[in-house]
Amino acid sequence: MAPLMLDGLDDYASTGSPRKYHSTAGSQETAPLARVEDAWAALERDGYVILENLFAPGEVARMRAAVLPHMAPRGGRNPFEGLKTRRLYAVIAKTLACNPLVEHPLVLALLDRVFEPNYLLSQLQVIDILPGEEAQALHFDDSFYSLPRPRPVLGAATIMALDDFTPLNGATRVIPGSHRWGNRLPTPEEAEGAVPVVMPAGSVVLFLGTLWHSGGANRSDGARLALTAQYCAPWCRQQENFSLSVPLPVVKQCSEHIRRMLGYSIHAPFMGMVDGMHPKRLLEDRPSAEV
């Protein structure tokens, strides 16, 4: 069923800049349908799905090499983020090496089923759980959108293993099926039964924003490096303010899909406009007075 629209608002989509800058949502390379269907069935049932070996070892090595020089020398700033967990923010401003996760065709194929078109990247972050870190508090990622549960999903996330995820080194813990819960906390038994997402480096877990989960405790002798891309519905505010964190020259180096998800797009009829025009005008080479 088409969304309801007030009289006259549909005219906006067929005039001016929206006519020039057509949405590219859903135009990514097609992922194998059988794999999409299998992954979607697991995602609907459990609230998460493991996409094993989505990236080759060489791609993992390139990402590691690109992000590690930018990592802080020590742990985080509060218990939730992890006092023995290093985090890298504004990743796209520092390197484009991690963009392949954000726009992987299988990831986008699944997100196309979760959200309306023109959904956004909410944040891209590197997380390095160091030895001795405690388990993170269980939470669900789109809780900052303060609408009561149960409700439609407003966010979704991927976590890519840049190291093998094991039960000992801080593998993400999930409570299967908790994406369907109402407004309640996990019971002690449910929290104790959280399942570690064990997967080899290059694999990705994708989960819905309503799924209860957390980073695990690192009882190993080595760090656990991961990359996470989080997404949100096209009308929700992003966690990262990409218009301030990513300079325009860097945005111009990104693919059309990344640009769209950073916010250089319109959610009909006119959410995301700049001075009444399409934000992609800002990426054109023109005198500043004309932008």
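Here is how the numbers come out for the structure above:
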quantity: Set T166, T158: member being at pLDDT 95 or above, crowded, with 22+ Cβ neighbours inside 10 Å and among the polar types (S, T, N, Q); calculated: T158
quantity: Exclusive hit being buried (at least 22 other Cβ atoms within 10 Å of the Cβ) and touching a residue at least 40 places away in the same chain (Cβ under 8 Å), set G222, G177, G216, G202; calculated: G216
quantity: Verdict on A161 being under 26 Å from E189 (Cα atoms) and not polar (S, T, N, Q); calculated: no
quantity: Any hit, segment 186-198, residues being among the small types (G, A, S), over 19 Å from L106 (Cβ atoms) and buried (at least 19 other Cβ atoms within 10 Å of the Cβ); calculated: yes
quantity: Odd one out for V153 among (1) more than 19 Å from the chain's Cα centre (by Cα); (2) in a loop (DSSP other than H, G, I, E, B); calculated: (1)
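The values are calculated or read from the model by the stated rules, or taken from the named source; none is laboratory data. All values derive from a computational prediction rather than experimental measurement. In this analysis, Cβ positions are derived from the backbone assuming ideal geometry, glycine residues included, and neighbour counts consider all displayed protein chains.
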